[in-house]
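Reviewing the structure listed below.
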Amino acid sequence: MTNDLEKTPVAVLGLGAMGHALAAAFLKAGHPTTVWNRSAGKGDELVAQGAVRAATAGEAVRAAELVVVCVVDYDAAQAVLESAADELPGRVLVNLTSDTPERSRTTAAWANERGIDYLDGSIMVPVPMIGQPEALVFYSGPRAAYDKYETALKALGGKPAHLGEDQGRAAVYDLALLDYFYGSISGLVHAFALAGADGVRAVDLAPYLDTITSFMPSLAAGAARDVDAGSYPGDAANLGMMGTAVGHILEWGEHRGLDVSMMRSIKEVYDKAVARGHAADGWVSTIEVVRGG
C-alpha cells in the first residue's frame, strides 16, 4: 500500500453521470483510478484520460486502497458490494449512493460484520461541481478511515465534512438539507404562480426575491439557536400575526384557482401551534407541531 496519499489508488464502482464525474475528479488529481460499471459501454472517455477499466467489481477493488461506490440506489449498491465482498476487507469503502439513514446503517452493519472500514457519504452539489473547491460532500463513519484518506477525498470536493462515527449521519444531513431545498423551490414556484395569476411575469418578480433570500442565512442561524434552546421569542414577529398573512395568501390563491394544498398545510400547522398557545411566540414554535408531539 502506498503512503503517498496524494496518489492513493482508487476504484470507482458505477459510471452514471455522478460516478463518471467522481472518477474524472480522481484522475484530474493524479490518482491511479480503476473504474467499473454493471453495463458495458461506459467509461471510454475515462479510459482515454488514463483510467483502467476492470472486468468485474472485484477486479476494480483489488486494484485500489480507496473504493467509492455511487449507483442508482442502495439495492444496486448492495448487489455490487456483495459481488466484491471478499476483496473489500483491508480497504476503505465509501458509499456515495443516496438513500435514508436506515439504509445507510444497514449497509454499515453489513460492512462491519465483514471487517470492512465503511464510510457513508452524501454529495451535496450537482454533477458539474464535482471536484470544485466549493463542492460540499458529507461523510460519516470511522474517523480513522476518514482521516487516512481525507486528502484523496478532497479531489471530489474542496469542502468535505466528517459528521461523526454514526454511518447514518451523512444521510440525515442530506435529507434535512434537501427538505429545506425542496420546500424552498416549491414556495418559489407557488410565488410565481400567485403573481402570475394577476398578470405579473416571473422575471419581473424575481429581482425582488433577494429582499428575502439575503437575510435567510441569519434567519436560519437564529432559528437554529431557538430550536435548540426550546425558546421562541415573538417580539419581532409573532405567530398569530404571521398566521394571518398566511391566511391572506391562501385566500387569494384559492380565489385565483391555484393549487393551494401546500399553503393550506402551512396554515394548518400555524393554526395548530396557535391553538397550543403559541400565538405570541415566534414562527419557530411551529416545530412543536411538526415534531408530532
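None of the figures in this text is laboratory data; all of them are computed from the coordinates on show. Since the structure is predicted, the reported quantities are computational estimates derived from the model, not experimental observations. Here Cβ is always computed from backbone atoms with ideal geometry, including for glycine, and neighbour counts include all displayed protein chains.
In the range 34-187, how does Rg compare with the Kirkwood Rh, expressed as the Rg/Rh ratio over alpha carbon atoms? Expressed as Rg/Rh, it is 0.96. Of the peptides 148-154, 38-44, 48-54, the order by per-residue mean of other Cβ atoms within 10 Å, starting with the highest, comes out as 148-154, 48-54, 38-44. If you wrap the tightest convex hull around every Cα atom of the chain and split its volume per residue, you get 167 Å³. Please give every one of the aspartates and glutamates within straight-line cross-link reach of K154, meaning a C-alpha to C-alpha distance under 13 Å, and leave out same-chain neighbours fewer than 8 residues apart. Straight-line reach from K154, under 13 Å: E6, E134.
Counting other Cβ atoms within 10 Å of each Cβ, which trypsin sites (Lys or Arg not before Pro) in the range 159-265 have at most 10 and sit in a DSSP loop?
Listed in order of number, the matching sites are R201.
Against the chain, whose longest principal axis is taken from its Cα atoms, helix 169-196 shows a tilt of about 40°. The fewest-to-most ranking of V260, V269, V67, V72 by surrounding Cβ atoms within 10 Å reads V72, V269, V260, V67.
Compared with the dominant principal axis of the Cα atoms in the chain, helix 143-153 is inclined by about 80°. Counting charges near V61 (Lys, Arg +1; Asp, Glu -1) among other residues having Cβ under 15 Å from its Cβ returns a value of -1.
Summed over qualifying helices (DSSP H, 4 residues or more, each -39500 (n - 2.57)) and divided by its residue number, the chain shows a 222 nm mean residue ellipticity of -14500 deg cm²/dmol.
In terms of the Cα gyration tensor, with a ≥ b ≥ c the square roots of its eigenvalues, is the range 31-87 rounded because a/c is under 1.5, prolate because a/b exceeds b/c, or oblate? Since a/c reaches 1.5 but b/c is at least a/b, the shape of the range 31-87 is classed as oblate. When restricted to Cα atoms, the range 172-290 yields an Rg and a Dmax of 15.2, 44 Å, respectively.
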